[in-house]
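Written below as structure tokens is the structure these notes are about.
The values are calculated or read from the model by the stated rules, or taken from the named source; none is laboratory data. Just so you know, these numbers come straight off a predicted model, no measurement behind them. Cβ: placed from backbone, ideal geometry, glycine included. Neighbour counts: every protein chain shown. Accessible surface is based on the protein model in full, side chains and every heavy atom, while ligands, DNA and RNA are left aside. Shrake-Rupley method; radii C 1.70, N 1.55, O 1.52, S 1.80 Å.
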Amino acid sequence: MSEKIINGFSVVAYATQPEGRIPPRAFLETRRLAVKAAAPAKTAATATTAATATSAEDVDIAAEQAAPEPESLAFEIFVSRRFRSTIEAMSAARNALDRVKSVDADGVPDPLPE
């Protein structure tokens, strides 16, 4: 996988192996990065919540609320193209990642190939 950080998003290029009659496919995936300035505040809130929790279940619930999963979006690229191998699909995905110049607030890379 190849990765690039753009506008607070991690943009990753990858390819999938062929499965049965489905040929290899190329993808771009965007994932919002956590804001580092807000991390200490969340840690302090989690510590306070954990200190006031009375049982192990309360601690587990507090941990789940404090650490939300980062949002990620996957985009299949070059849908109309049939790749002969996974290597060819990965090369196309890396080339598409190199052309990405920005990511909008919704996590859509620009330009997004066909």
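Scan the range 79-97 residue by residue and report those that are touching a strand residue (DSSP E or B) at 6+ places or on another chain (Cβ under 6 Å) and either surrounded by fewer than 19 Cβ atoms within 10 Å (Cβ to Cβ) or modelled with pLDDT under 90 (or both).
The answer is T86, R94.
If we scan the range 98-107, do we find a residue that is modelled with pLDDT under 90 and more than 20 Å from the chain's Cα centre (by Cα)?
No, every residue in the range 98-107 fails to be modelled with pLDDT under 90 and more than 20 Å from the chain's Cα centre (by Cα).
Restricting to the range 76-113, name every residue that is more than 13 Å from R25 (Cβ to Cβ) and assigned to a loop (DSSP other than H, G, I, E, B).
The answer is V100, K101, D104, A105, D106, G107, V108, P111, L112.
Look through E3, E64, E69 and report the one residue that is at pLDDT below 90, surrounded by fewer than 16 Cβ atoms within 10 Å (Cβ to Cβ), under 12 Å from the mean Cα position of the chain (by Cα) and not in a loop (DSSP other than H, G, I, E, B).
Sole residue among the options that is at pLDDT below 90, surrounded by fewer than 16 Cβ atoms within 10 Å (Cβ to Cβ), under 12 Å from the mean Cα position of the chain (by Cα) and not in a loop (DSSP other than H, G, I, E, B): E3.
Do any residues in the range 13-32 that are over 11 Å from I87 (Cα atoms) and open to solvent by 70 Å² or more (accessible area, probe 1.4 Å) have Cβ atoms under 7 Å from those of residues that are among the small types (G, A, S) and not in a loop (DSSP other than H, G, I, E, B), where the two are at least six apart or on different chains, and which pairs are they?
Partner pairs satisfying both residue conditions: R31/S10; R31/S72.
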